[in-house]
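Have a look at the structure below, then the notes.
The values are calculated or read from the model by the stated rules, or taken from the named source; none is laboratory data. A quick note: this is a predicted structure, and the numbers were derived from the prediction, not measured. No Cβ is skipped: glycine too gets one built from the backbone with ideal geometry, and neighbour counts run over all protein chains shown.
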Amino acid sequence: KNEVEQSPQNLTAQEGEFITINCSYSVGISALHWLQQHPGGGIVSLFMLSSGKKKHGRLIATINIQEKHSSLHITASHPRDSAVYICAVRGNTDKLIFGTGTRLQVFP
Amino acid sequence: EAGVAQSPRYKIIEKRQSVAFWCNPISGHATLYWYQQILGQGPKLLIQFQNNGVVDDSQLPKDRFSAERLKGVDSTLKIQPAKLEDSAVYLCASSFGPNTIYFGEGSWLTVV
């Protein structure tokens with residue numbers, strides 16, 4: 001079993017839909033990152049969370065430390081949101097542990 | 001602020017050939033990482049540098065992979081000889097603290 005599990009693995013949506021991507025982890029962490037990877041390969045950091053909730057534009061990230069669970073929400077999704085979204089946790093050894101990603105496609 | 005620079009962006013080589021990737025981190029970032037990302041998987045850490053010293057290279061296949069960061073700034077990752085299973089994106093990242101990380105665009109390697 002992977003230390004970081006994401007669901008769903010693949011997600012398709014119509015433009016305007018509300019999207020939720022989930023991340024569960026089994027190790028103690030100091031922080032959790034949500035990352036976005038476009039087809040070209042580069043990765044952009046969207047959020048770093050250690051507790052609570054953060055919002056940036058149409059993106060919202062939440063974390064529940066007790067339940068070892070985080071969610072990434074996208075409101076009013078748009079085709080340009082199509083990408084792979086990766087959850088990564090920084091464990092107690094300071095190493096980043098990555099999930100396998102959720103591939104999102106938003107159709108007009 | 002300039003981001004993490006990587007080159008080349010794309011490389012196709014035959015198996016048993018060698019290849020080198022270069023990374024220039026964000027100025028002032030002491031920590032530099034090389035990750036390997038195989039299609040459909042999350043990135044896997046190959047090596048982590050703190051300035052010019054190696055912090056973690058436990059998952060680096062040292063029989064064929066090598067990396068250096070001689071002056072504590074830019075870094076090269078070399079594969080010699082390459083195998084088919086080395087086809088992947090090689091991501092360089094840098095950070096200045098434990099909770100920040102910035103990634104480059106990646107170097108795509110195809111071994112045929």
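A few notes on this one:
- Against the conditions (1) within 10 Å of chain B (Cβ to nearest Cβ); (2) in a loop (DSSP other than H, G, I, E, B); (3) not small (Gly, Ala, Ser), A:HIS33 satisfies every one except (2).
- Residue list for region B:61-103, restricted to those being touching a residue at least 60 places away in the same chain (Cβ under 8 Å) and farther than 22 Å from A:PHE47 by Cα: B:LYS78, B:ILE79, B:GLN80, B:PRO81, B:ALA82, B:LYS83, B:LEU84, B:TYR90
- All told, A:ILE19 falls short of being farther than 23 Å from B:TYR33 by Cα and in contact with an Asp or Glu (Cβ under 7 Å, 6 or more places away or on another chain).
- Restricting attention to region A:1-57, the residues that are in contact with a Pro (Cβ under 9 Å, 6 or more places away or on another chain), over 17 Å from B:GLY42 (Cβ atoms) and at pLDDT 95 or above total 2.
- Residue in region B:29-41 that is without any contact (Cβ under 8 Å) to a residue 12 or more places away in the chain, part of a loop (DSSP other than H, G, I, E, B), within 27 Å of A:VAL84 (Cα to Cα) and within 14 Å of chain A (Cβ to nearest Cβ) present: yes
This table checks each residue for (1) under 19 Å from A:GLN9 (Cα atoms); (2) more than 14 Å from chain B (Cβ to nearest Cβ).
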residue	(1), (2)
A:GLY52	no, yes
A:HIS56	no, yes
A:ILE74	yes, yes
A:SER77	yes, yes
A:ASP94	no, no
A:GLY99	yes, no
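- Residue ranges of strands (runs of 3 or more DSSP E) in region B:55-112 with at least 1 members more than 14 Å from chain A (Cβ to nearest Cβ) and either touching an Asp or Glu at 6+ places or on another chain (Cβ under 8 Å) or under 16 Å from B:ALA20 (Cβ atoms) (or both): B:65-68, B:75-79, B:107-111
- Identity of the residue in region B:43-54, more than 21 Å from B:LEU84 (Cβ to Cβ) and assigned to a loop (DSSP other than H, G, I, E, B), that ends up farthest from the other protein chains (Cβ to nearest Cβ): B:ASN52
- Test: A:VAL44 is within 24 Å of B:GLN37 (Cβ to Cβ) and assigned to a loop (DSSP other than H, G, I, E, B): no
- Counting the residues of region A:40-88 that are free of Cβ contacts under 8 Å to residues at least 40 places away in the same chain, under 30 Å from B:SER7 (Cα atoms) and not polar (S, T, N, Q) gives 8.
- Among residues of region A:79-89 being closer than 18 Å to B:GLN37 by Cβ and not hydroxyl-bearing (Ser, Thr, Tyr), the one that is farthest from the other protein chains (Cβ to nearest Cβ) is A:ALA83.
- Of residues in region A:58-70 being farther than 30 Å from B:LEU46 by Cβ and under 13 Å from the mean Cα position of the chain (by Cα), the one nearest to the other protein chains (Cβ to nearest Cβ): A:THR62
- For region B:39-86, the set of residues classified as within 13 Å of the chain's Cα centre (by Cα) and under 15 Å from B:THR110 (Cα atoms) consists of B:LYS78, B:ILE79, B:ASP86, listed by residue number.
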